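First up is the structure itself, then whatever we jot down about it.
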Amino acid sequence: MDTKVLKVSDEGNFTAKEKKYLEEAAEILKNGGLVAFPTETVYGLGANALDEKAARKIYEAKGRPSDNPLIAHVADFEGLRPLVSRIPENGIKLAKAFWPGPMTLIFPKSDLVPLGTTGGLDTVAVRMPSDPVARELIRLAGVPVAAPSANTSGRPSPTRAEHVFQDMNGRIEMILDGGPVGIGVESTIVDVTEEIPVMLRPGAVTMEMLHEAVGEVRIDPAILGPVSPGLKPKAPGMKYRHYAPNADLTLVEGEEEKVVCEIKRLAAEKLKEGYKVGIICTDETRECYGGGLVRSIGERAKEETVAHNLYALLREFDDLGAQYIYSEGFPEDHLGQAIMNRLSKAAGYRIQKV
Ligand code: AMP
Ligand code: MG
C-alpha cells in the first residue's frame, strides 16, 4: 500500500486545497481505511470507531495487543451521546471544563460501540480534541474516530508526521501532516463510571486541575509504579511496555548537583566499555556534561517544553543508535506527573535515587 502524506496547516483556516485533502481523508475513514492525523497531544491513527473491521486494521498496523482498547474521538458534544448508555454527573462537569482538549473520559458504553473497539470492555473511552485538523476530519467523516497514538506498539508516540511515516509507511492509506503537535504527551484519562472519578493516565489536564473541577479524584495504582502480575490496571494499556527507546534507559532522581554527578559517572563507565551513550539533560544543566550524546529535553523551569520534546528525543536516540541513556528526573506535580509517568515506563522503572 502507498501511504499518501498531505500537508494541512494546523491553524484552522483551511485553503481550498487543504479542504480537498481533508475530504479525501474523511472518505478513507468512511470506507473503513486508516488515516493518521495530528491532535494537540500526539499524532493519532484513525479509523471508524463503529466499524469493527476498520478497528481491527488499527491493531494490525500498530502490532497492538487486541485487549488494549481504543479511544473514540468526537467533534462535538452531540457526538458523545450515541456512544454511551449513561453520562454520570462528574462526566458532565469534566467534559464542560476540559473539552475540547487533552482529556479522555471513560463512560459505560452503548450497544452502538463494538467490543472490537473497546478491547472487550463494557465501557468506552471518549475524547473531543481541540486540534482544528482533528476536529474537521472527524466532522467530515461523520462518525466517531478511534485513534490510538500512531506509533508501532511499544515505541515512543509520534509528535511529528515524520515519526508516523517511520512507523506506518506502507501500512496505512494516508498521513495528514499538520506539523509538530503542541503538548507532546497523550491525554489524561479519567474513569467517571464510579462515584469518585479515577485518574487512569496523567496528561496535560493535571491532577490539580481535576481536583478544582470535581473535588476528590482517586489515582489508579498503575500510574505510580510497575504493574504487579496479580494486579489488573483499569486502563489495560498501562500494563504493556510503552514509549520505550531501543536503548536501556535509566532515570536518575535527586538533588540537581548529585544527579549530574551520578549521570556523568554512569555515562563514563559505559563509554569506557565502548557503548554509545545518550544523556537527557535540561537547558539549565546542559553545560555540566561532557562525553556521550548530550541532548537537552527542554527547560526545567518550563515543564511544557519537556513534555513537548520528550518523545522526539527518545526517537532521536534510536536514530543515533544509543545503547544506554541516562536521564535527569523531574518533580511529579502538575505536568511533571505525566512526564515522569512516561519516562518511568520508557525506562522500565529503572530509577536510581541519589
Ligand atoms: P493510546 O490511544 O495509545 O494513547 O491508548 C489508549 C489508552 O486508553 C490505553 O492505555 C487504554 O488502555 C485506555 N483505554 C481505552 N479505553 C478504555 C476503557 N474503556 N477503559 C479503560 N481504559 C481505556
Ligand atoms: Mg499509545
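Key figures for this structure:
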| read-out | value |
| --- | --- |
| Added length on full extension, which subtracts the Cα-Cα distance from 0.36 nm per residue, K272 to A16 | 86.4 nm |
| Cα gyration tensor category, rounded, prolate or oblate, for the stretch 1-132 with a/c compared to 1.5 | oblate |
| 5 angstrom amide H check on I219, placed H, neighbours 5+ away | M199 |
| Burial ordering of Y311, Y243, Y289, fewest other beta-carbon atoms within 10 Å first | Y289, Y243, Y311 |
| Selection from Y324, I339, G291 lying farthest towards where the dipole of the stretch 266-354 points positive, charges on Cβ | Y324 |
| Neighbour-limited loop hits for trypsin sites (Lys or Arg not before Pro), the stretch 150-244 (at most 16 other Cβ within 10 Å; DSSP other than H, G, I, E, B) | R241 |
| Within the stretch 255-285, GluC sites (Glu not before Pro) in DSSP loop having at most 13 other beta-carbon neighbours inside 10 Å | E255, E273 |
| Gain upon complete extension [E78, L224; 0.36 nm per residue less C-alpha separation] | 49.1 nm |
| The stretch 82-146 - Rg over Rh from alpha carbon coordinates, Kirkwood radius | 0.97 |
| Mean separation of Cα contacts under 8 Å (6+ apart) over length of the stretch 3-64, as relative contact order % | 20 percent |
| Cut-off 11 Å between beta-carbons: net charge of the residues surrounding P221, Lys and Arg +1, Asp and Glu -1 | +2 |
| Residue-wise HN-Hα coupling along the stretch 269-279, computed from phi with Karplus coefficients 6.51, -1.76, 1.60 (Hz; x: Gly, Pro) | 4, 6, 4, 5, 7, x, 7, 7, 10, x, 10 |
| Amide H contacts of V294 (H built 1.01 Å from N, under 5 Å, at least 5 apart or other chain) | I279 |
| Folded to 0 to 90 degrees: helix 89-98 orientation relative to the chain principal axis, Cα | 70 degrees |
| GluC sites (Glu not before Pro) lying in DSSP loop within the stretch 193-222, provided at most 15 other Cβ fall within 10 Å | E194, E195, E216 |
| Cα convex hull volume per residue for the chain (Å³) | 134 Å³ |
| Cα-centred dipole magnitude for the chain, charges only on beta-carbon of K, R (+1) and D, E (-1), debye, nearest 20 | 880 debye |
| Within straight-line cross-link reach of K234, lysines at Cα separation under 26 Å, skipping those fewer than 8 residues along the same chain | K53, K57, K62, K93, K96, K109, K345 |
| Computed label-point distance, nm, for sites R265 and K302 using a 7 Å Cα→Cβ extension | 3.4 nm |
| Normalised contact order of the chain, rounded percent, pairs of Cα under 8 Å and 6 or more residues apart | 19 percent |
| In sequence order, calculated HN-Hα J values of the stretch 179-196 (Karplus, 6.51, -1.76, 1.60; Hz; x Gly/Pro) | x, x, 6, x, 7, x, 10, 5, 4, 5, 10, 10, 8, 10, 6, 9, 3, 9 |
| Fewest-first sequence of F165, F37, F98 by Cβ atoms within 10 Å of each Cβ | F165, F98, F37 |
| Alpha-carbon centroids, the stretch 224-283 and the stretch 1-21: separation in whole Å | 38 Å |
| Span per principal axis, largest first, for the Cα atoms of the stretch 150-215 (Å) | 46, 22, 18 |
| Neighbourhood charge, 15 Å Cβ-Cβ cut-off, centred on Y349 and excluding it, Lys, Arg +1 and Asp, Glu -1 | +3 |
| Gained length - E257 relative to V5, 0.36 nm times residue gap less alpha-carbon distance | 86.2 nm |
| Helical mean residue ellipticity (222 nm; -39500 (n - 2.57) per DSSP H run of 4+; nearest 500) of the chain | -10000 deg cm²/dmol |
| HN-Hα J in Hz across the stretch 338-353 - Karplus 6.51, -1.76, 1.60, θ = phi - 60°, x for Gly and Pro | 5, 4, 6, 4, 6, 5, 4, 5, 4, 8, x, 6, 7, 10, 10, 9 |
| The stretch 248-329: C-alpha gyration tensor shape, a/c 1.5 cut-off, then a/b vs b/c | oblate |
| Distant-in-sequence amide H partners of D177 (H built 1.01 Å from N, under 5 Å) | L6, K7, V8 |
| Relative contact order (%) - criterion: Cα under 8 Å, at least six apart; region: the stretch 1-145 | 32 percent |
| Ranked list, fewest to most other Cβ atoms within 10 Å of each Cβ, for S157, S66 | S66, S157 |
| Charge sum, other residues only, whose C-beta stays under 11 Å from N68's C-beta, Lys/Arg counted +1 and Asp/Glu -1 | +2 |
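Coordinate-derived values only; no laboratory data. Keep in mind it's a predicted model, so treat the numbers as computed, not measured. Counting neighbours? That spans all protein chains shown, and the Cβs are built from the backbone with ideal geometry, glycine included.
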